[in-house]
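The values are calculated or read from the model by the stated rules, or taken from the named source; none is laboratory data. Small disclaimer: the values here were computed from a predicted structure and weren't measured. Glycine also receives a Cβ, built like all others from the backbone with ideal geometry; neighbour counts cover every protein chain displayed. Surface accessibility is based on the protein's heavy atoms, side chains included, excluding ligands, DNA and RNA. Shrake-Rupley method; radii C 1.70, N 1.55, O 1.52, S 1.80 Å.
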Amino acid sequence: MAQAWKCAGLRWSGAGPELLWDGGRRSPLSWGKRVAFEVAEGGVRVCSGARGHACPVRAAVPARSTGARCEECGRLDRAHSVAADGVADDPRPYRVYLAWFGPGLAKVGITAVGRGPARLLEQGAVSFSWLGTGPLMAARRTEELLRAALRVPDRVPYAEKRAVRAELPMTEADRALEIRELHARAAGLADWPESLAREPFLPVDHVEVFGLAGAPAAVGSVSELVAGGAVGGELVAAAGPDLHLATAAGVVVLDTRLMRGWELVPAGGADEVTVPVREFSKPAGHLQDELF
């Protein structure tokens, strides 16, 4: 029987996306690479643990959960999360940003300066610009100020991000229009914390990085993995945790967060998907590359 592997998530770096595996193995991904795996027969999806530690009870988790954690491990993870306000005394400097995912879909957020643009790549931001830099609590207060004043959220569901990627403007300038306007409005607001240094509007575009330029429209997305099911296709694009795989039935989006907790084995054969797929009501444009 082939050796089974457990996925530890998708990571973005300067070299592009790569899959991480329990034990430290990494699989760099590139456009045109074939991604193919099967879920072990008779397998059960197990909690992926928290903060680098395995779940003590190996609790089963729902197949459609993108968190892949049981309630207790999820609570432990959130307790040490900046995003969930679990850390208030982090001494590192933070940046406030505006991110744009497609027409009408933008958000404000914060990320540690040391992480560079990694957070924006992980979220699937098509375009973004920094707003300011300062201590964590000043960045958090600015995020709240802008969220209320500009009426932009600090969280955007991935399903909405996938839907608008099919409608991206052709040029970088057009893709930056909405955050340019938001940035200008933000600059005109009073009550910014004095300890937060404002930054000029300098948009960064990720269409080429994600492989979305000229990518074919996706026809649907994997809704869950199941024991004995298989996923296979050619990677044509990737954005955030999503891989866009060209299969015999068209391009299908795989949210790699659904892979965590399952035992996976290599698969050969045709480029097809034998797990549940949710069809898009209208085409979603993406290009992806392969997995393994």
Counting only helical runs of four or more DSSP H residues, what would the 222 nm mean residue ellipticity of the chain come to if each run contributes -39,500 (n - 2.57) and the total is spread over all its residues?
-5000 deg cm²/dmol
Which value does Rg/Rh take for the chain over its C-alpha atoms, Rh per Kirkwood?
0.98
Can you pull the one-decimal nm distance between simple spin-label points at MET170 and GLU72, each 7 Å off the Cα toward Cβ?
5.8 nm
Ranking THR142, GLY229, VAL207 by how far each Cα lies towards the positive end of the charge dipole of the chain (+1 on Lys and Arg Cβ, -1 on Asp and Glu Cβ), the top one is THR142
What is the log10 of I(q)/I(0) for the stretch 152-292, computed with the Debye formula using one identical point scatterer on each Cα and no solvent, at q = 0.13 Å⁻¹?
-0.65
Rounded, prolate or oblate: which fits the stretch 159-202 when a ≥ b ≥ c are the square roots of the eigenvalues of the alpha-carbon gyration tensor, with rounded for a/c under 1.5 and prolate only if a/b beats b/c?
prolate
Would you work out the Kirkwood radius for the stretch 80-181? I mean one over the mean of 1/r across all pairs of different Cα atoms, in Å.
14.1 Å
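Over the alpha-carbon set of the stretch 1-155, divide Rg by the Kirkwood Rh and report the Rg/Rh ratio to two decimals.
1.01
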Computed on alpha carbon atoms, what radius of gyration and Dmax characterise the stretch 1-80, expressed in Å?
14.3, 40
Carbon and sulfur atoms: what percent of the 1.4 Å accessible area of the chain do they account for?
53 percent
Cysteines not pairable in the chain (beta carbon separation under 4.7 Å absent):
CYS7, CYS73
Long-range HN-HN contacts of LEU131 with modeled amide H, under 5 Å
VAL96, TYR97, LEU98
Calculated SAXS-style log₁₀ I(q)/I(0) at q = 0.10 Å⁻¹ - the stretch 131-213, Debye, Cα scatterers:
-0.31
